[in-house]
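> This structure is in structure tokens; I'll ask about it shortly.
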Amino acid sequence: MVGWEKGLRIRFEPGSCWLEEEDVHIPNRRVLITGATGLLGRAVYNEFKANNWNAVGCGYSRARPKFEQVNLLDAAAVHNLIHEFQPHVIIHCAAERRPDIVDSQPDFSSQLNVAASGNIAKEAAQVGAFMVYISTDYVFDGTNPPYKENDLPNPLNLYGKTKLDGEKAVLANNEGAAVLRIPILYGEVERLEESAVTILFDKVQFSNKSANMDHWQQRFPTYVKDVASICRQLAEKRMLDSSIKGTFHWSGNEQMTKFEMACAMADAFNLPSSHLRPITDGPVVGALRPRNAQLDCSRLQTLGIGQQTPFRVGIKESLWPFLTDKRWRQTVFH
């Protein structure tokens, strides 16, 4: 998997086709991405691939044909994958990240978010790989922002608790690992429901019906391409400096409620927003959420690591394929 190897290429000519061997360059820096079929995992895979890393992604239900199909709850399968590939870096994106689903499936969520994460950390330590465990701002209760890495966590919901327990399991099994806490994510989704940000877009577009939007919880929407860049920068710094480990924070720098995100989407595509109604009361159903779990990102910034795409830029890149009004596309692309 290192250096130049032989690959196969399909060649076509009128009336025939054949396989032809060709030299394929395999970069010597190896990275394994778990959850590579997900919103963040896809961005992380693409970021490393585009920057001369030999990237292997793994997933489960959506893995084939691009990614390795691995059940992360299968310790033997995880062991075989890591010991055969011998990665220098593992970015662990796979998780059950939906708070209400975690509440309804607590055992499975704990197995994936905690037990599997601890096992991957142990296997990473055995092969000398630098592991980055993706965690969440929901480890904090949102009462005293902004939060530094050493502030005392106090998760309000089971999702935040499982991710905090996952952090502890990772660092207990691999003292050289890193934890990267991030907030609500958006990016180039396969379907709008894939992100708690982009799912708002249908309500924005269908302006013939009023839509209630949360205007209570303060969020910091973060572009997955930015998080992917942070992961790569962190990995490359670590390869030069073994003291880079422990807990880090990263997020977008624009404070917005979901109502404000929806209004920004409308503005980005020149759509009406008068049908959007701000709801300033705290939610009364579902898992508890912190009011404002803003993350202090200065530790990474001090290391010279950073990338923050303006929300209106990132959201336009992410959502234009989902426009129901094709006239906007025609004016931009034709």
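> Determine whether segment 193-206 contains at least one residue that is crowded, with 19+ Cβ neighbours inside 10 Å, modelled with pLDDT of 95 or more, within 21 Å of LEU276 (Cα to Cα) and touching a Pro at 6+ places or on another chain (Cβ under 6 Å).
Checking segment 193-206: at least one residue is crowded, with 19+ Cβ neighbours inside 10 Å, modelled with pLDDT of 95 or more, within 21 Å of LEU276 (Cα to Cα) and touching a Pro at 6+ places or on another chain (Cβ under 6 Å).
> Moving on to the next point. Can you report the number of residues in segment 149-178 which are open to solvent by 10 Å² or more (accessible area, probe 1.4 Å), among the hydrophobic types (A, V, I, L, M, F, W, C) and in a helix (DSSP H, G or I)?
Within segment 149-178, residues that are open to solvent by 10 Å² or more (accessible area, probe 1.4 Å), among the hydrophobic types (A, V, I, L, M, F, W, C) and in a helix (DSSP H, G or I) number 5.
> In addition: If you take the residues of segment 84-118 that are open to solvent by 60 Å² or more (accessible area, probe 1.4 Å) and closer than 27 Å to PHE248 by Cβ, which of them is farthest from the chain's Cα centre (by Cα)?
Step by step, filter segment 84-118, then rank; the result is GLN86.
> Moving on. For segment 185-282, which fully contained helices (runs of 4 or more DSSP H) count at least 1 residues that are within 15 Å of the chain's Cα centre (by Cα) and closer than 20 Å to ARG98 by Cβ? Step through it out loud before you land on a result.
On the way: elements: 201-205, 224-238, 258-268.
In segment 185-282, the matching helices (runs of 4 or more DSSP H) lie at 224-238.
> For residues that are more than 19 Å from ASP137 (Cα to Cα) and of a type in the set (D, E, K, R), tally how many sit in segment 296-321.
The total comes to 3.
> Testing GLU47 on (1) under 14 Å from the mean Cα position of the chain (by Cα); (2) assigned to a loop (DSSP other than H, G, I, E, B); (3) of a type outside the set (Val, Ile, Thr), one condition comes back false. Which one is that?
Among (1) under 14 Å from the mean Cα position of the chain (by Cα); (2) assigned to a loop (DSSP other than H, G, I, E, B); (3) of a type outside the set (Val, Ile, Thr), GLU47 violates only (2).
> Looking at (1) touching a Cys at 6+ places or on another chain (Cβ under 9 Å); (2) more than 24 Å from ILE120 (Cβ to Cβ); (3) open to solvent by less than 10 Å² (accessible area, probe 1.4 Å), which is the only condition PRO146 fails?
PRO146 satisfies every listed condition except (3).
> Here is a further query. For segment 123-132, name all the residues that are of a type outside the set (A, V, I, L, M, F, W, C) and buried (at least 19 other Cβ atoms within 10 Å of the Cβ).
GLU123
> Would you mind finding the one in PHE259, PHE248, PHE322 that is in contact with a Leu (Cβ under 8 Å, 6 or more places away or on another chain) and surrounded by fewer than 19 Cβ atoms within 10 Å (Cβ to Cβ)?
Numbers: PHE259 fails: surrounded by fewer than 19 Cβ atoms within 10 Å (Cβ to Cβ); PHE248 fails: surrounded by fewer than 19 Cβ atoms within 10 Å (Cβ to Cβ).
Within the list PHE259, PHE248, PHE322, the selection yields PHE322.
> Quick one: is SER135 crowded, with 24+ Cβ neighbours inside 10 Å, in a strand (DSSP E or B) and touching a residue at least 12 places away in the same chain (Cβ under 8 Å)?
yes
> Is it true that TYR60 is open to solvent by 80 Å² or more (accessible area, probe 1.4 Å) and among the aromatic types (Phe, Trp, Tyr)?
Considered against the rule, which asks whether it is open to solvent by 80 Å² or more (accessible area, probe 1.4 Å) and among the aromatic types (Phe, Trp, Tyr), TYR60 comes out as yes.
> For GLN308, which of the numbered conditions (1) in a helix (DSSP H, G or I); (2) closer than 28 Å to VAL44 by Cβ; (3) of a type outside the set (A, V, I, L, M, F, W, C); (4) open to solvent by 50 Å² or more (accessible area, probe 1.4 Å) fails to hold?
(1)
> Just give me the residues in segment 288-302 being over 21 Å from the mean Cα position of the chain (by Cα) and assigned to a loop (DSSP other than H, G, I, E, B), in sequence order.
Initial filter on segment 288-302 (over 21 Å from the mean Cα position of the chain (by Cα)): 288, 291, 302.
Correct list: LEU288, ARG291.
> Evaluate the following for PHE248: is it farther than 22 Å from MET131 by Cβ and of a type in the set (Phe, Trp, Tyr)?
Here the answer is no, as PHE248 does not meet what is asked.
> Here's another thing I want to ask about it. For residues that are modelled with pLDDT of 95 or more and among the acidic types (Asp, Glu), scanning just segment 78-124, find the one that is nearest to PRO27 (Cα to Cα).
GLU84
> What is the residue count in segment 70-98 for residues that are polar (S, T, N, Q), in contact with a strand residue (DSSP E or B) (Cβ under 7 Å, 6 or more places away or on another chain) and at negative phi?
The initial filter retains those residues of segment 70-98 that are polar (S, T, N, Q), namely 71, 80, 86.
Then keep just the ones that are in contact with a strand residue (DSSP E or B) (Cβ under 7 Å, 6 or more places away or on another chain); that gives 86.
Checking the rest, the ones that are also at negative phi come to none.
Looking only at that region, the number is 0.
> So, one more: With respect to VAL102, is the statement that it is assigned to a strand (DSSP E or B) and at negative phi true?
Spelling it out, it is not the case that VAL102 is assigned to a strand (DSSP E or B) and at negative phi.
> Still on this structure, please answer the following. The conditions are (1) in contact with a His (Cβ under 9 Å, 6 or more places away or on another chain); (2) closer than 27 Å to GLY314 by Cβ; (3) not in a strand (DSSP E or B), and ALA121 fails exactly one of them. Which is it?
Failed condition: (2).
The values are calculated or read from the model by the stated rules, or taken from the named source; none is laboratory data. In this text, all values refer to a predicted model and were calculated from it rather than measured experimentally. A quick note on method: Cβ atoms are made from the backbone with ideal geometry, for glycine too, and the neighbour counts reach across all protein chains shown. For accessibility, only protein heavy atoms count, side chains too; no ligands or nucleic acids. Shrake-Rupley method; radii C 1.70, N 1.55, O 1.52, S 1.80 Å.
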